[in-house]
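The values are calculated or read from the model by the stated rules, or taken from the named source; none is laboratory data. Everything numeric here is computed off the predicted structure, so don't read it as measured data. With ideal geometry, Cβ positions are generated from the backbone for all residues, glycine too; neighbour counts draw on all protein chains shown.
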Amino acid sequence: MAMLDGKIAIVTGAARGIGKGEARALAKEGAAVVLVDIIKDAAESAAAEIREMGGRAMAVACDVSVRADVERTVKAAVDAFGTVDILVNNAQVIPNPTPLEDWTEKQMRAVYESGVIGTFNFMQVCFPIMKAQGHGRIINTASASGHGMATQGFSCYGAAKEAVRALTRAAAREWGAHNINVNAVSPSALSPGAAEIYPTEEAQTALLKSMGMPIPRWSDPELDVGRTIVFLAGPDSRQITGCTLSVDGGLAMI
């Protein structure tokens with residue numbers, strides 16, 4: 001029997017990269033997965049891959065910053081699978097590296113609305129479902145750009161990620177009475193967005209060296225980050241809440 005048999009998971013930003021890896025890892029442990037992304041075709045393709053490997057999955061197009069979209073998405077998940085046991089908030093706009101003095105309000109709003117507001121929306125909409133059933137796991141996405149090494153050029157991104165961590169701790173404190181565990185992961189996987197910023201292997205290697213990661217390799221979206229999500233969603237983490245678990249080769253401690 002797989003660890004998450006019978007569980008229903010929502011993963012945002014699941015069309016590619018870290019979110020896709022998380023969705024695949026959850027599905028391989030038996031969870032039915034709702035892959036949420038603003039890029040509909042890519043989400044459909046990722047869901048089809050999970051179904052082809054024998055898992056249960058559906059894709060829903062959603063702008064996580066729009067409350068009505070989020071409500072429609074959660075309803076679709078409940079209509080299809082009956083409930084929501086696991087929520088993984090991964091969606092996040094990541095702009096090109098920009099000196100703090102050059103960040104625009106438009107860039108800041110895109111980062112904040114996709115990450116903080118999107119996380120807030122899904123947490124609030126899923127909460128009544130989890131409260132009513134007496135259990136739930138919420139896993140948000142942080143970054144060492146906020147709580148560890150302040151990566152140059154990512155000041156406002158790091159600030160948004162620290163806001164997500166604050167939401168995580170507040171929810172862990174308030175919702176623990178309902179048997180809802182709320183944690184965050186802080187990954188260092190080379191997402192497609194980051195790969196666009198650093199498109200060559202030379203640039204990616206130089207970035208690793210510049211950050212001085214103790215384990216000098218990128219985390220794998222499925223094998224490293226996804227398996228950590230499985231742990232936080234499963235029975236072995238029942239006493240863990242309000243924590244940030246770094247899956248970043250030691251980057252956060254630099």
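Of all residue pairs spaced 6 or more apart or on separate chains, those with beta-carbon atoms under 6 Å, a first member in the range 98-116 that is farther than 20 Å from ASP63 by Cβ and at pLDDT below 95 and a second member that is surrounded by 14 or more Cβ atoms within 10 Å (Cβ to Cβ) and hydroxyl-bearing (Ser, Thr, Tyr) are LEU100/SER155.
Every condition in (1) outside any helix (DSSP H, G or I); (2) surrounded by fewer than 21 Cβ atoms within 10 Å (Cβ to Cβ) holds for SER45 except the one numbered (1). Please report, ordered by residue number, the helices (runs of 4 or more DSSP H) entirely within the range 89-182 with at least 1 residues that are of a type in the set (D, E, K, R) and surrounded by fewer than 18 Cβ atoms within 10 Å (Cβ to Cβ). Per the criteria, 105-112, 118-133, 155-175. Of the candidates ALA68, ALA77, the single residue that is part of a helix (DSSP H, G or I), free of Cβ contacts under 8 Å to residues at least 24 places away in the same chain and of a type outside the set (Asp, Glu) is ALA68. One residue stands out in the range 124-146 among those that are among the polar types (S, T, N, Q) and within 27 Å of GLU162 (Cβ to Cβ): the one that is modelled with the lowest pLDDT, namely SER145. All of (1) within 12 Å of the chain's Cα centre (by Cα); (2) at pLDDT below 95 hold for LYS20 with one exception: (2).
Looking at the range 195-207, is at least one residue of a type in the set (A, V, I, L, M, F, W, C), touching a strand residue (DSSP E or B) at 6+ places or on another chain (Cβ under 8 Å) and outside any strand (DSSP E or B)? So far as the range 195-207 goes, no, none of its residues is of a type in the set (A, V, I, L, M, F, W, C), touching a strand residue (DSSP E or B) at 6+ places or on another chain (Cβ under 8 Å) and outside any strand (DSSP E or B).
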